[in-house]
Amino acid sequence: MIVIRGLAVLGAQVMSMLAVVGRLTLFALETVTHLVRPPFYTREFLHALVQIGWLSLPVVGMTTLFTGGALALQIYAGSARFSAEAVVPSIVAIGMVRELGPVLGGLMVAARVASSIAAEIATMKVTEQIDALVTLSTNPMKYLTLPRVLAATLAVPCLVGVGDVIGIMGGYLVGVTRLDFNAATYLKVTYDFLEFGDVMSGLVKGAVFGFIVATVGCFYGMNSGRGAQGVGAATKSAVVAASVLIFAANYILTELFFTS
Amino acid sequence: MIELRDVHKSFGSKQVLRGANLMIPKGTSMVIIGGSGTGKSVLLKSVLGLITPDSGQITLDGQDVGTGDRDAFLARFGMLFQGAALFDSLSVWQNVAFRLLRGRLKRPKAEAREIAIEKLRRVGLKPDVADQYPSELSGGMQKRVGLARAIAAEPEIIFFDEPTTGLDPIMSGVINDLIREIVVEMGATAMTITHDMTSVRAIADNVAMLHDGVIKWTGPVAEMDASGDPYLDQFIHGRAEGPIEAVR
């Protein structure tokens, strides 16, 4: 009896999760359809671009700088076992550009942006500002969701690009100052080793992660419960869901790009 | 004219509207009264299309509110929300002129600002409030800004959701007088939901009593005190004893 009850609870949770996935997918599709249906709110888009892109730069930059440095130390320690210390610049570069830059950038943006979007829109819902938008003949999907999703989809690849450079710079600084690499050689090896496809795959990942972060933030904000508890739950769910979806999407994209 | 016929709405297992019927003639002020949780807000939001009824029909001038051009339909309405629902990220004048800065009613920015300041003056606020943000204003001032926003585009129909909730008696009186003046001046059709009897007597031409999801009584405000309806009597006199259970 206890087993059956346990299975019933598990089944109900799985069904509930699938329902959320379904509603999130429809929400994302509806957002995309607004891309080709006016009106467009340029001011809201530019505001979102600054909020999501420009203001996320310090946190993404700091994260990738320290990660690049730590990565250089780890690769040096590991490769020393095979007397292959010379691979440090190339592995730091490929690790940052293909994986760590986009994933860490995406996660930091998820923490910073998905939470703030969800909290802002959920508060607007609780205080009837979303209803007010509708009565003022303004579609909340066009006014609130599309500008944020579009801005994140365009801004996160730029953040990833800048994060890649800063992360490689972190590895370079550690390599030159702590691991006795020649500065010019380090940069030349990095430059020679990286391919166009490596960089592009990271930027495409960034765009997908940006889309996920903003869509999930808007979705949970628009569907929040009542009161402070509802806003808190929406914020928490947005960050958790965005982070998990980033990891899942990263795996799928890596399969697509690098296994053929 | 706004007409509701046999409107039902449930949220999960909770039946909020159980066959509401109501008629609001053009150019009149209808006040819907009823206790908390009786479905007043649901009724009002159903007319606006913010909530879709499960069954029944709502028409505006004979046309179903769920059909036709939605933007054109909403352009006929203005609404004052219970908490004013001002947009935090916009200044006061941008809130008031929201409709005039975008969409089919879009005007040049300078003209929209001028209209916003004029509407603010109409609700008793000085022009220097225009560049402040909603969080810098008191509750009464926020209500006035919400009222200015509701009338900014000169709508034919204005809805007021609990216009005096959370205000002191003097500010409530000011808001009630403003609503009455504006509705008469604009010749607008008004629908107000409230449980403040002072507001009812100040604003209403007609009153409808909503209880248990249906309209229990409706008629001119002058006939309200002598209606003989036990639900209405209990409500307007604030008695704990009567057909309305005190604990809902």
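The values are calculated or read from the model by the stated rules, or taken from the named source; none is laboratory data. Values in this document were obtained by computation on a predicted structure and should not be read as measured data. All Cβ positions, glycine included, derive from the backbone under ideal geometry; neighbour counts span all protein chains shown.
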The one condition B:THR194 fails out of (1) surrounded by fewer than 18 Cβ atoms within 10 Å (Cβ to Cβ); (2) under 29 Å from B:ILE236 (Cβ atoms) is (1)
Filtering strands (runs of 3 or more DSSP E) wholly in region B:1-78 for at least 1 residues that are of a type in the set (Ser, Thr, Tyr) gives B:2-11, B:29-33, B:55-60
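To keep it simple, each residue is scored yes or no on (1) within 14 Å of chain B (Cβ to nearest Cβ); (2) of a type in the set (Val, Ile, Thr); (3) in contact with a Pro (Cβ under 6 Å, 6 or more places away or on another chain).
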{"site": "A:VAL103", "(1), (2), (3)": "no, yes, no"}
{"site": "A:ALA111", "(1), (2), (3)": "no, no, no"}
{"site": "A:SER115", "(1), (2), (3)": "no, no, no"}
{"site": "A:ALA122", "(1), (2), (3)": "yes, no, no"}
{"site": "A:ASP131", "(1), (2), (3)": "yes, no, no"}
{"site": "A:PRO147", "(1), (2), (3)": "yes, no, no"}
{"site": "A:LEU154", "(1), (2), (3)": "no, no, no"}
{"site": "A:GLY161", "(1), (2), (3)": "no, no, no"}
{"site": "A:ASP164", "(1), (2), (3)": "no, no, no"}
Residue hits (region B:60-83; buried (at least 18 other Cβ atoms within 10 Å of the Cβ) and touching a Ser or Thr at 6+ places or on another chain (Cβ under 7 Å)) are B:VAL65, B:LEU74, B:ALA75, B:PHE77, B:MET79, B:GLN82, B:GLY83
By residue number, the members of region B:66-84 that are under 17 Å from the mean Cα position of the chain (by Cα) and more than 8 Å from chain A (Cβ to nearest Cβ) are B:PHE73, B:ARG76, B:LEU80, B:ALA84
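Name the one entry in B:LYS14, B:LYS9 that is over 23 Å from B:MET186 (Cα atoms), surrounded by fewer than 21 Cβ atoms within 10 Å (Cβ to Cβ), among the basic types (Lys, Arg) and at pLDDT 90 or above.
Values: B:LYS9 fails: surrounded by fewer than 21 Cβ atoms within 10 Å (Cβ to Cβ).
It is B:LYS14.
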Checked against (1) more than 30 Å from A:ARG43 (Cβ to Cβ); (2) touching a helix residue (DSSP H, G or I) at 6+ places or on another chain (Cβ under 7 Å), A:ALA152 satisfies every condition except (1)
Among residues of region B:158-176 being hydrophobic (A, V, I, L, M, F, W, C) and crowded, with 21+ Cβ neighbours inside 10 Å, the residue nearest to the other protein chains (Cβ to nearest Cβ) is B:PHE159
Contact list, first residue from region B:168-180 and on the phi < 0 side of the Ramachandran plot, second anywhere and of a type in the set (Val, Ile, Thr) and outside any helix (DSSP H, G or I), beta-carbon distance below 8 Å, six or more apart or interchain, is B:MET171/B:THR164; B:SER172/B:THR164; B:ILE175/B:THR164; B:ASN176/B:THR164; B:LEU178/B:VAL123; B:ILE179/B:THR192
Those residues of region A:4-24 that are loosely packed, with under 14 Cβ neighbours inside 10 Å, within 19 Å of the chain's Cα centre (by Cα) and under 22 Å from A:TYR143 (Cβ atoms) come to a total of 0
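Need a quick list: helices (runs of 4 or more DSSP H) entirely within region A:1-105 having at least 1 residues that are of a type in the set (Lys, Arg). Break it down into steps so the answer makes sense when it comes.
Values: elements: A:2-33, A:42-52, A:57-79, A:88-94.
Helices (runs of 4 or more DSSP H) meeting the threshold: A:2-33, A:42-52.
Being surrounded by fewer than 18 Cβ atoms within 10 Å (Cβ to Cβ), away from every other protein chain (no Cβ under 14 Å), among the basic types (Lys, Arg) and in contact with a strand residue (DSSP E or B) (Cβ under 9 Å, 6 or more places away or on another chain) is the requirement here; does B:LYS26 meet it? Please lay out each step first, then the result.
Numbers: surrounded by fewer than 18 Cβ atoms within 10 Å (Cβ to Cβ): yes; away from every other protein chain (no Cβ under 14 Å): yes; among the basic types (Lys, Arg): yes; in contact with a strand residue (DSSP E or B) (Cβ under 9 Å, 6 or more places away or on another chain): yes.
So B:LYS26 passes the test.
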Here the residues within region A:231-248 that are hydrophobic (A, V, I, L, M, F, W, C) and surrounded by 20 or more Cβ atoms within 10 Å (Cβ to Cβ) are A:VAL231, A:ALA234, A:ALA238, A:VAL239, A:ALA241, A:ALA242, A:LEU245, A:ILE246
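Could you grab me the full set of residues in region B:32-59 that are touching a residue at least 60 places away in the same chain (Cβ under 8 Å), within 14 Å of another protein chain (Cβ to nearest Cβ) and surrounded by 16 or more Cβ atoms within 10 Å (Cβ to Cβ)? Before the answer, list the steps.
Kept after step one, since they are touching a residue at least 60 places away in the same chain (Cβ under 8 Å), are these residues of region B:32-59: B:32-41, B:43-44, B:47-48.
Now restrict to residues that are within 14 Å of another protein chain (Cβ to nearest Cβ): B:37, B:41, B:44, B:47-48.
B:SER41, B:LEU44, B:VAL47, B:LEU48 - these are the residues of region B:32-59 that are touching a residue at least 60 places away in the same chain (Cβ under 8 Å), within 14 Å of another protein chain (Cβ to nearest Cβ) and surrounded by 16 or more Cβ atoms within 10 Å (Cβ to Cβ).
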Of the residues in region B:236-245 that are closer than 13 Å to B:ASP212 by Cα and surrounded by 10 or more Cβ atoms within 10 Å (Cβ to Cβ), the one that is modelled with the lowest pLDDT is B:ILE244
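Can you report the number of residues in region B:124-154 which are in a loop (DSSP other than H, G, I, E, B), out of contact with any Gly (no Cβ under 9 Å at 6 or more places or on another chain) and on the phi < 0 side of the Ramachandran plot? Walk me through how you get there before you give the answer.
Within region B:124-154, the first condition is being in a loop (DSSP other than H, G, I, E, B), and the residues that meet it are B:124-126, B:130-133, B:137-138, B:152-154.
Narrowing the set further to residues that are out of contact with any Gly (no Cβ under 9 Å at 6 or more places or on another chain) leaves B:124-126, B:130-133, B:137-138.
Restricting the remaining residues to those that are on the phi < 0 side of the Ramachandran plot gives B:125-126, B:130-133, B:137-138.
So the answer is 8.
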The correct count of residues that are within 16 Å of the chain's Cα centre (by Cα) and either closer than 16 Å to B:HIS195 by Cα or among the hydrophobic types (A, V, I, L, M, F, W, C) (or both) in region B:139-152 is 6
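Counting only residues that are of a type in the set (A, V, I, L, M, F, W, C) and facing chain A (nearest Cβ under 9 Å), which one in region B:146-157 is nearest to A:VAL134 (Cα to Cα)?
Here the residue is B:ALA150.
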TODO: Say whether the condition of being under 17 Å from A:THR153 (Cβ atoms) and of a type in the set (S, T, N, Q) is met by at least one residue in region A:227-246.
DONE: no
In region B:23-58, anything over 14 Å from the mean Cα position of the chain (by Cα) and of a type in the set (D, E, K, R) is listed as B:LYS26, B:ASP54
field: Residue in region B:59-69 that is at pLDDT 90 or above and among the acidic types (Asp, Glu) present
entry: yes
Within region B:85-112, residues being within 9 Å of another protein chain (Cβ to nearest Cβ) and not in a helix (DSSP H, G or I) number 6
